[in-house]
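Have a look at the structure below before the remarks.
The values are calculated or read from the model by the stated rules, or taken from the named source; none is laboratory data. A quick note: this is a predicted structure, and the numbers were derived from the prediction, not measured. Heads up, the Cβs are rebuilt from the backbone with ideal geometry, glycines too, and the neighbour counts pull from every protein chain shown.
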Amino acid sequence: MQVHNLTADVEQFTANAYLLATDAPVLVDVGVDAGIVDRITEHVDALEAVVITHQHRDHIAALDAVLDAFDPSVHAYAPHDRRTAALGDGETLTLGGLELTALHTPGHAADHLVLLTEQALFSGDLVVYNDGAFDDGSFGRTDQPGQDRAALVASIEHLLTQLSPTVTAMYPGHGDSITDMEVRTVVDRALTRAKRFEPKYP
């Protein structure tokens, strides 16, 4: 499975959008820039599915542009006008031989999902590697309305119970991906920091 971050060079604030280039290409989140359609076509001719980690604007603003261009199925935890299938906790989405298992991980957002394959974690905003607060294991902010630090801590703990030792790559919603280290170490660090219940940004 080849993974391309299609929004890495976008100048405006956006979430990372990952194209999983397989026999049935999948996009994890879409970001805010409608130019993502052109970046998708640089790699694949068609798009089988879009999977949404959560419905914050920076993750879904360009959804209409992507759907109008490719007409993929849309999988998300919470209802959305253009969702075609609900994706719940513990459910596995199989597309072209790729299996993505969803875990419901609220805290940063009530509808938040992370996605696991045998080798990779698509962590959305639950856990990130570097984000300006911490450089080697951080967590989604929980200081906005509708967010809950205790729920986020429980979600990271839930993720750790499901995280296989074979997972060596993490593709977060913001910041850099990691592809050559033990993901559990990063997630453990994020959990320790989240459990302090201190402001993420002083």
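Before moving on, here are some points about what is shown:
- Beta carbons closer than 6 Å, at least 6 apart along the sequence or on distinct chains, pair a first residue in region 189-202 that is among the charged types (D, E, K, R) with a second that is modelled with pLDDT of 95 or more and assigned to a helix (DSSP H, G or I) for LYS195/VAL153.
- Pair list, Cβ < 6 Å and 6+ apart or interchain, from region 77-95 residues that are surrounded by fewer than 13 Cβ atoms within 10 Å (Cβ to Cβ) to residues that are among the acidic types (Asp, Glu) and not in a loop (DSSP other than H, G, I, E, B): THR92/GLU99
Yes or no, residue by residue, for (1) without any contact (Cβ under 8 Å) to a residue 12 or more places away in the chain; (2) closer than 19 Å to THR185 by Cβ; (3) in a loop (DSSP other than H, G, I, E, B); (4) touching a Phe, Trp or Tyr at 6+ places or on another chain (Cβ under 8 Å):
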| position | (1), (2), (3), (4) |
| --- | --- |
| LEU115 | no, no, no, yes |
| GLU118 | no, yes, yes, no |
| SER123 | no, yes, no, yes |
| ASN130 | no, yes, yes, no |
| PHE134 | no, yes, yes, no |
| SER155 | no, yes, no, no |
| THR161 | yes, yes, no, no |
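- Leading residue by the ranking (nearest to HIS80 (Cα to Cα)) among those in region 36-59 that are among the acidic types (Asp, Glu) and touching a residue at least 24 places away in the same chain (Cβ under 8 Å): ASP58
- Residue within region 60-76 that is within 14 Å of THR14 (Cα to Cα), over 17 Å from the mean Cα position of the chain (by Cα) and either in a loop (DSSP other than H, G, I, E, B) or not small (Gly, Ala, Ser) (or both) present: no
- Region 128-170 - residue that is among the hydroxyl-bearing types (Ser, Thr, Tyr) and closer than 23 Å to TYR201 by Cβ and, of those, farthest from the chain's Cα centre (by Cα): THR142
- Here GLY146 does not qualify as small (Gly, Ala, Ser), touching a His at 6+ places or on another chain (Cβ under 9 Å) and at positive phi.
- Boolean, TYR77 is among the hydroxyl-bearing types (Ser, Thr, Tyr) and touching a Phe, Trp or Tyr at 6+ places or on another chain (Cβ under 8 Å): no
- Scope region 59-76; condition touching a Lys or Arg at 6+ places or on another chain (Cβ under 9 Å) and exposed (fewer than 15 other Cβ atoms within 10 Å of the Cβ); matching residues: ASP64
- Those residues of region 183-202 which are surrounded by 13 or more Cβ atoms within 10 Å (Cβ to Cβ) and assigned to a loop (DSSP other than H, G, I, E, B), in sequence order: LYS195, LYS200
- If the condition is being part of a loop (DSSP other than H, G, I, E, B) and farther than 24 Å from THR101 by Cβ, then region 136-153 contributes ASP136, ARG141, THR142, ASP143, GLN144, PRO145, GLY146, GLN147.
- Only one entry of VAL50, VAL32 meets the criterion of being at pLDDT 95 or above, within 26 Å of THR142 (Cα to Cα) and assigned to a loop (DSSP other than H, G, I, E, B), and that entry is VAL32.
- Where MET181 falls short, out of the listed (1) over 20 Å from ALA76 (Cα atoms); (2) modelled with pLDDT of 95 or more; (3) not aromatic (Phe, Trp, Tyr): (2)
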